[in-house]
1. Normalised by the number of residues in the chain, what is the relative contact order in percent for Cα pairs under 8 Å and 6+ residues apart?
2. Would you mind classifying the range 1-116 by shape? Square roots of the alpha carbon gyration tensor eigenvalues, ordered a ≥ b ≥ c; an a/c under 1.5 is rounded, otherwise it is prolate if a/b is larger than b/c and oblate if not.
3. Below 12 Å, Cα to Cα, which aspartates and glutamates can Lys60 reach? Residues fewer than 8 away in the same chain don't count.
4. Based on the Cα gyration tensor of the chain, what are the three equivalent ellipsoid semi-axes, each the root of five times an eigenvalue, rounded to whole Å and given largest first?
5. Have a look at the DSSP beta bridges in the chain and tell me what percent are antiparallel, nearest 5.
6. Which shape class applies to the range 89-220: rounded if a/c is under 1.5, otherwise prolate when a/b exceeds b/c and oblate if not, where a ≥ b ≥ c are the square roots of the Cα gyration tensor eigenvalues?
7. Do the alpha carbons of any pairs in Lys107/Lys162; Lys35/Lys214; Lys165/Lys214 sit beyond 23 Å of each other, and which pairs?
8. Quick one: grab the alpha carbon gyration tensor of the range 121-189, order the square roots of its eigenvalues as a ≥ b ≥ c, and give me rounded if a/c is under 1.5, else prolate or oblate depending on whether a/b is larger than b/c.
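The values are calculated or read from the model by the stated rules, or taken from the named source; none is laboratory data. Bear in mind that the values here come from a model prediction, so they are computed numbers and not experimental data. Cβ coordinates were reconstructed from backbone atoms using ideal geometry, including for glycine residues, and neighbour counts include every protein chain displayed. In case anyone asks, the SASA skips ligands and DNA or RNA and just uses the protein heavy atoms, side chains included. Shrake-Rupley method; radii C 1.70, N 1.55, O 1.52, S 1.80 Å.
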Amino acid sequence: MNILLHSLESYSTATISILDATIPVHDYVPLDLSKNNRELIDLDITDYSVCQDYIDKVLKDNNGSIAYGGYLEQRNLYSDKDGFTSNNRPIRDIHLGIDFWCIAGTKVIVPIDGTVHSFKNNNTIGDYGPTIILKHVLNNTSFYSLYGHLSEDSLAGLEKGKEFKAGNQLAILGTPEINVNYAPHLHFQIIYDLEGNEGDYPGVCAKADLQYYKENCPDPNILLKLKG
């Protein structure tokens, strides 16, 4: 794992764009959707339209085009979704990737050379919707990147082993009815061990499991190097 972290850190000294390359990096605005954000206390951000209105306000106030953040944030965003709060299991509310909130149809760009590992439409409410997982190898170490909340068309023509080079377009962002009830965004997550999963992997965990997932899903910004 330490080898992977070093490889991600040393891959590039420059910031890597993960969405439409024509959008400048200075248009990326940090976003806080955590339980600690007092601006969200009276907002029902489980309603995607309310969440979108808040994101739009943050972008307008900061002259931005893309709002991003969320790694290891503890959120109320999932409190209305059965898969996160029921079945006599600990509540899952800690986010394991970085979200990039932008308009539906925005291009998703591959940040590093990879091949298609698997893909799936995870269409249960609160899940990822259309999802792609790529496999990468750096310094003889394999790892994976997951892209969730895509359009259905993004899965068309894919096959396991298909190659993508850094900078290639992988997909586009889906609409709320396709990405299963979220404001349009990309969920981007780095995973060391997929544990046998195909086209899916937990993107939110319970506090009791945080140490494991923190180690298995390192901060994507180690690779992307977004400032903010």
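1. Contact order relative to length: 25 percent.
2. It is oblate, given that a/c is not under 1.5 and a/b is not larger than b/c.
3. Output for Lys60: Asp27.
4. Equivalent-ellipsoid dimensions as semi-axes: 25, 20, 18 Å.
5. Here the antiparallel bridges make up roughly 95 percent for the chain.
6. oblate
7. The pairs that break the limit, which is 23 Å between Cα atoms, are Lys165/Lys214.
8. prolate
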